[in-house]
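Some notes on the structure that comes next.
Throughout, read-outs are computed from the coordinates displayed, never taken from laboratory work. Just so it is clear, the structure is predicted and the values come from calculations on it, not from any experiment. Reconstructed Cβ throughout: ideal geometry from the backbone, glycine too, with neighbour counts over all protein chains shown.
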Amino acid sequence: MLKNIKQSLILSGMTIILFGIIYPLFIFAAGQLMPEKSEGSPVISEGRVVGFENIGQSFTEDKYFNGRPSAVGYNAASTGGSNKGNSNPEYLEEVKTRIDTFLVHNPDVNKKDIPSELVTASGSGIDPNITTDAALIQISRIAKVRNLSEVRLEELIREYTEGKYLGLLGIEKVNLLKLNIALDKIN
């Protein structure tokens with residue numbers, strides 16, 4: 001029995017040293033090699049930080065592209081989803097309300113054409129990106145509000161579209177903050 005206690009204490013000590021000291025120091029050192037990624041990737045416009053590339057923000061005005069809803073109010077300190085399943089009546093009512101709101105602000109869009117990401121919250125609650133389809137479907141509204149051509153808005157979306165990782169993995173996406181900053185610069 002004494003042998004087992006000794007082995008347990010040695011294993012516990014090694015684990016504390018490995019995961020409590022060595023691993024955090026390794027991660028810190030790796031972050032120092034890529035400071036632009038480890039410090040949150042600030043987005044700077046007109047000489048000031050307006051947000052972070054990897055943290056979503058709420059854009060609700062009709063003159064901006066809207067992103068995914070957030071179950072945590074885009075609070076990066078408390079990320080997470082709502083944990084409500086797709087059979088939960090309360091969740092279904094939330095999604096229905098989001099669809100109705102989207103249709104009020106985008107009357108040219110058919111209900112069946114709304115990308116699900118525009119009416120369902122992301123798992124993190126701070127998703128900074130939308131798909132190109134989710135951006136393209138909002139062009140008509142923004143063109144009318146800002147008095148811009150739909151072709152110019154589509155060009156802007158294409159300009160800010162990030163391709164698939166290594167050309168194969170994931171989906172094409174647009175960073176909402178960068179896109180809306182660019183939109184403000186042209187109009």
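Considering only trypsin sites (Lys or Arg not before Pro) in DSSP loops that have at most 16 other Cβ atoms within 10 Å, the longest stretch of the chain without any of them is 85-163.
At 0.36 nm per residue, minus the direct Cα-Cα distance, what do ALA77 and GLU61 gain on full extension? Give it in nm, one decimal, please.
3.3 nm is the gain from fully extending ALA77 to GLU61.
In order along the stretch 54-62, phi translates into HN-Hα couplings of 9, 10, x, 9, 8, 10, 10, 5, 5 Hz, rounded to whole numbers, per the Karplus curve 6.51 cos²θ - 1.76 cosθ + 1.60 with θ = phi - 60° and x for Gly and Pro.
In straight-distance terms, cross-link reach from LYS112 covers every one of the lysines whose alpha-carbon lies under 17 Å from its own, apart from those fewer than eight places away in the same chain; here that gives LYS96. Of ILE55, ILE22, ILE126, which is the most mobile in a GNM of the chain whose springs link Cα atoms less than 10 angstrom apart? In the Gaussian network model the winner is ILE22. Of the candidates THR120, THR161, THR15, which one comes out as most mobile in a Gaussian network treatment of the chain with C-alpha springs shorter than 10 Å? Residue with maximal mean-square fluctuation among THR120, THR161, THR15: THR15. Label-to-label distance for PHE19 and ASP133 is 4.0 nm, based on points extended 7 Å past Cα in the beta-carbon direction. Under 18 Å of direct C-alpha separation, and excluding same-chain neighbours fewer than eight residues apart, LYS185 reaches these lysines: LYS63, LYS144. Look at the alpha carbon pairs under 8 Å that are at least 6 residues apart: their mean separation over the length of the stretch 89-159 gives a relative contact order of 26 percent.
What angle, in degrees between 0 and 90 and rounded to the nearest 10, separates the Cα long axis of helix 176-186 from the longest principal axis of the Cα atoms of the chain? Here the helix axis deviates by roughly 40 degrees.
Modelled spin labels at GLU46 and ASN187, positioned 7 Å past Cα toward Cβ, are 1.9 nm from each other. ASP62 sits among other residues whose Cβ lies under 13 Å from its own Cβ, and their net charge, with Lys and Arg +1 and Asp and Glu -1, is +2. How big is the antiparallel share of DSSP beta bridges in the chain, given as a percent to the nearest 5? Given both bridge residues lie in the chain, the antiparallel proportion sits at roughly 100 percent.
For ILE130, what is the net charge nearby, where nearby means another residue's Cβ is under 13 Å from its Cβ and Lys, Arg count +1, Asp, Glu -1? Net charge in that neighbourhood comes out at -2.
From Cα pairs below 8 angstrom and at least 6 apart in sequence, can you work out the relative contact order of the chain, rounded to a whole percent? Present the calculation step by step, with values, prior to reporting the outcome.
Details: 218 pairs, mean separation 39.5, N = 187.
Relative contact order comes out at 21 percent.
Taking Cα centroids, how far is the stretch 113-150 from the stretch 24-89 in Å? The two parts, judged by their Cα centres, are 17 Å apart.
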